[in-house]
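Colleague: Dumping the structure here so I can ask a few things about it.
The values are calculated or read from the model by the stated rules, or taken from the named source; none is laboratory data. Keep in mind that what you see is a predicted model, and the values were worked out from it rather than measured. Cβ: placed from backbone, ideal geometry, glycine included. Neighbour counts: every protein chain shown. These area figures cover heavy atoms from the full protein model, side chains too; ligands, DNA and RNA do not enter into them. Shrake-Rupley method; radii C 1.70, N 1.55, O 1.52, S 1.80 Å.
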Amino acid sequence: MAFGVYIHIPYCLQICTYCDFSKYELGKILPPAQYVDLVRQEIRTRASNLSKPSAGLDTVYFGGGTPSLLEPELILSLLRELDNAGLHRQPGAEVTIEINPGTVDQDKLDAYLAMGINRFSVGAQSFNERLLKIGGRKHSVEETVASLELLHTRGVNYSFDLLFAMPTQTLSEVQDDVRRALQFGPSHLSAYCLTVAEGHPLSKGRAPDEEQVEMFENIESELAAGGLDRYEISNFARPGVQSRHNLLYWTDQSYWGLGVSSHSYFRQTPWGMRLWNPPSIKEYIRQIERSPGADTWDFQKNLPPAQVEVLHANQALTDYCHTFLRRWAGIDARALRLKFGDLIAAQVQSRIETLLKRGWLESTETGWRLSPEGRLVANAIFEELTFLPEDLAATAPKGSRNLLAPC
Ligand SMILES: C[S@@+](CC[C@H](N)C(=O)[O-])C[C@H]1O[C@@H](n2cnc3c(N)ncnc32)[C@H](O)[C@@H]1O
Ligand code: SF4
């Protein structure tokens with residue numbers, strides 16, 4: 001079983017109006033060094049309560065916010081703290097940091113590489129100056145190009161974040177962004193369709209839904225021609241360099257989230273447990289500062305009940321179906337049966353039969369995946385594969401061990 005660590009760094013140079021992540025403008029909250037001290041305290045206090053992966057960490061991911069705003073020494077101090085807590089990276093572990101254009105130079109990149117960071121996720125978004133302005137981004141196209149040239153010249157493994165369906169953006173501008181991104185040789189690209197609530201200033205002037213679908217199809221074909229295959233709803237990669245960290249989220253593996261707003265999931269008997277830190281920095285500081293010592297800290301006892309969810313079978317099954325189906329590889333029927341038992345697997349299969357008949361899913365050699373038509377209605381499929389407690393009650397005859405099978 002794989003195990004990864006996510007560390008949230010909430011600082012940004014600007015606040016993009018469309019962003020829903022936990023982030024604060026640099027200078028508006030405690031200085032980064034103090035925040036990092038809190039996260040180190042979180043590691044020291046809570047790691048003692050973790051069952052640590054014997055093979056070591058498969059992945060570490062510094063996400064944000066903009067982690068590349070921090071001095072590299074601060075990032076290094078977090079890796080050291082993980083080591084001190086017995087959370088060593090296994091040889092060949094994937095270590096990613098999100099970087100924004102204009103925040104990394106040659107020296108910083110060298111420092112990252114020296115500390116073992118081997119994957120970079122670049123928040124480039126677009127090569128179009130007008131669209132960057134509309135999104136409220138602070139970096140220029142020139143800075144994006146300079147950052148990408150730096151990464152490309154050094155031959156490092158990096159991913160490109162592309163934002164599309166921005167107000168006023170045309171299909172040919174999306175194509176232009178993808179083609180320019182490919183010129184810098186990314187090994188991975190995440191393409192996100194702008195998501196904003198109705199009434200948000202950026203909800204106006206956008207291409208209609210059918211054209212947004214066309215944009216996505218175009219991104220897919222341009223990237224496929226450039227050697228990057230779609231392996232998840234929003235993610236594309238060259239063979240062998242899919243994001244190992246994100247795959248943890250989509251394949252029922254454990255991950256520990258550290259820092260403000262981070263989420264964790266631990267596989268444990270019977271159905272797993274989800275935990276999260278508060279999204280507000282004030283509350284995060286309060287909780288970490290009031291933590292009891294490492295010898296007494298306990299996830300279930302010391303986190304407020306609203307931040308802990310011990311999963312029931314129906315929730316675990318729902319999560320399992322949704323996350324596995326996000327990947328083009330889909331659900332493996334045998335693995336599903338192994339985890340949930342024959343009775344529950346049969347119940348899932350009967351819903352899947354309906355979706356196969358509707359043309360929304362298709363069979364693979366080992367199970368099922370979204371069909372091309374299903375990819376356009378993924379949310380409706382996820383709704384069909386949402387299980388309530390009463391849905392599974394019928395699958396648990398008295399004395400059945402199915403609902404208690406370990407994960
Ligand atoms: C949390 S951000 C962190 C990366 C970095 N701070 C940046 O913005 O460049 C990760 C990615 O999420 C995407 N994103 C953020 N808000 C979004 C939204 N409302 N709709 C779609 N994608 C969004 C952006 O493409 C961004 O690169
Ligand atoms: S830079 Fe990234 S994390 Fe920061 S506000 Fe903008 S989208 Fe959000």
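Colleague: Taking 8 Å as the Cα distance limit and 6 or more residues as the minimum spacing, I'd like the relative contact order of region 233-333 as a percentage.
Modeller: 26 percent
Colleague: On a full-extension model of 0.36 nm per residue, what is the gain between residue 294 and residue 378, subtracting their alpha-carbon distance, rounded to one decimal in nm?
Modeller: 26.0 nm
Colleague: Taking the convex hull of the Cα atoms, report for region 155-200 its projected area averaged over all directions, in nm².
Modeller: In nm², the orientation-averaged hull projection of region 155-200 is 3.7.
Colleague: Go ahead and estimate [θ] at 222 nm for the chain from helices alone: -39,500 (n - 2.57) per DSSP H run with n ≥ 4, summed, over the residue count, rounded to 500.
Modeller: -12000 deg cm²/dmol
Colleague: Then there's this: All other residues with a Cβ under 13 Å from the Cβ of residue 172 taken together, and with Lys, Arg as +1 and Asp, Glu as -1, what is their net charge?
Modeller: -4
Colleague: Rounded to a whole number of µm²/s, how large is the Stokes-Einstein D of the chain at 20 °C and 1.002 mPa s, given Rh as the Kirkwood radius over C-alpha pairs?
Modeller: D = 94 µm²/s.
Colleague: Hey, another quick one. Relative contact order of region 75-171, please, whole-number percent, based on alpha carbon pairs below 8 angstrom and at least 6 residues apart.
Modeller: Value for region 75-171: 30 percent.
Colleague: Once fully extended, how much extra length lies between residue 34 and residue 76, figured as 0.36 nm per residue of separation less the alpha-carbon to alpha-carbon distance?
Modeller: Once the chain is fully extended between residue 34 and residue 76, it gains 13.7 nm.
Colleague: To continue, here is another question. Whenever you get a sec, compute what percent of the accessible area on the chain sits on carbon and sulfur atoms (1.4 Å probe).
Modeller: Working: 9330 of 18020 Å².
After summing per-atom areas, the C and S share lands at 52 percent.
Colleague: Restricting to the chain, compute how many DSSP beta bridges are antiparallel as a %, nearest 5.
Modeller: Around 40 percent antiparallel, to the nearest 5.
Colleague: While we're looking at this one, here's another question. When the chain is modelled as a GNM with alpha-carbon springs shorter than 10 Å, which of 68, 280, 147 fluctuates the most?
Modeller: Maximum fluctuation in the GNM of the chain, among the listed residues, is at 280.
Colleague: Pop out the ³J(HN,Hα) list for region 184-193 in order, Karplus 6.51 cos²θ - 1.76 cosθ + 1.60 with θ = phi - 60°, rounded to Hz; leave Gly and Pro as x.
Modeller: Karplus values, whole Hz, x for Gly and Pro: 9, x, x, 8, 8, 9, 10, 10, 10, 6.
Colleague: Also, I was wondering about something else. Can you give me the relative contact order of the chain as a percent, contacts being Cα pairs under 8 Å and 6 or more apart?
Modeller: 15 percent
Colleague: While we're looking at this one, here's another question. When only the heavy atoms of the protein chains count and the probe is 1.4 Å, how do 73, 198, 384 rank by accessible area, highest first?
Modeller: Numbers: 73 115, 198 185, 384 80 Å².
Descending accessible area places them as 198, 73, 384.
Colleague: How many lysine pairs in the chain, separated by 8 or more positions in sequence or lying on different chains, have Cα atoms less than 25 Å apart?
Modeller: 16
Colleague: Could you work out the pair-distance distribution P(r) of region 207-309 from its alpha-carbon pairs, with 10 angstrom bin width and percents rounded to whole numbers?
Modeller: Calculated P(r), rounded to whole percents: 12, 29, 23, 21, 12, 2.
Colleague: Additional query: Once the whole set of protein chains is in place, how much accessible area is left on residue 88, using a 1.4 Å probe, in Å² to the nearest 10?
Modeller: Spelled out: residue 88, probe radius 1.4 Å, area about 100 Å².
Colleague: Spelling out what I want: for every residue of region 313-318, take phi, set θ = phi - 60°, compute 6.51 cos²θ - 1.76 cosθ + 1.60 (Karplus), and round to whole Hz; glycine and proline get x.
Modeller: So the J values, rounded to whole Hz, are 4, 5, 6, 5, 5, 4.
Colleague: What percentage of all Cα-Cα pairs in region 243-368 are separated by more than 25 Å?
Modeller: 38 percent
Colleague: To continue, here is another question. Rolling a 1.4 angstrom probe over the protein heavy atoms, how many square angstrom per residue are accessible across the chain?
Modeller: Each residue of the chain exposes 44 Å² on average to a 1.4 Å probe.
Colleague: For residue 389, what charge total do you get from the other residues with a beta carbon under 15 Å from its beta carbon, if Lys and Arg give +1 and Asp and Glu give -1?
Modeller: Cβ neighbours under 15 Å give a net charge of -4.
Colleague: Need one number: % antiparallel among DSSP beta bridges in region 161-253, to the nearest 5. Show your work: numbers first, answer last.
Modeller: Working: 6 of 10 bridges.
Bridges in region 161-253 are about 60 percent antiparallel.
Colleague: Then there's this: Give me the percent of Cα-Cα pairs in region 1-127 that sit more than 21 Å apart, rounded to a whole number. Intermediate results must be reported in sequence, preceding the final value.
Modeller: On the way: 3227 of 8001 pairs.
Counting every Cα pair in region 1-127, those more than 21 Å apart make up 40 percent.
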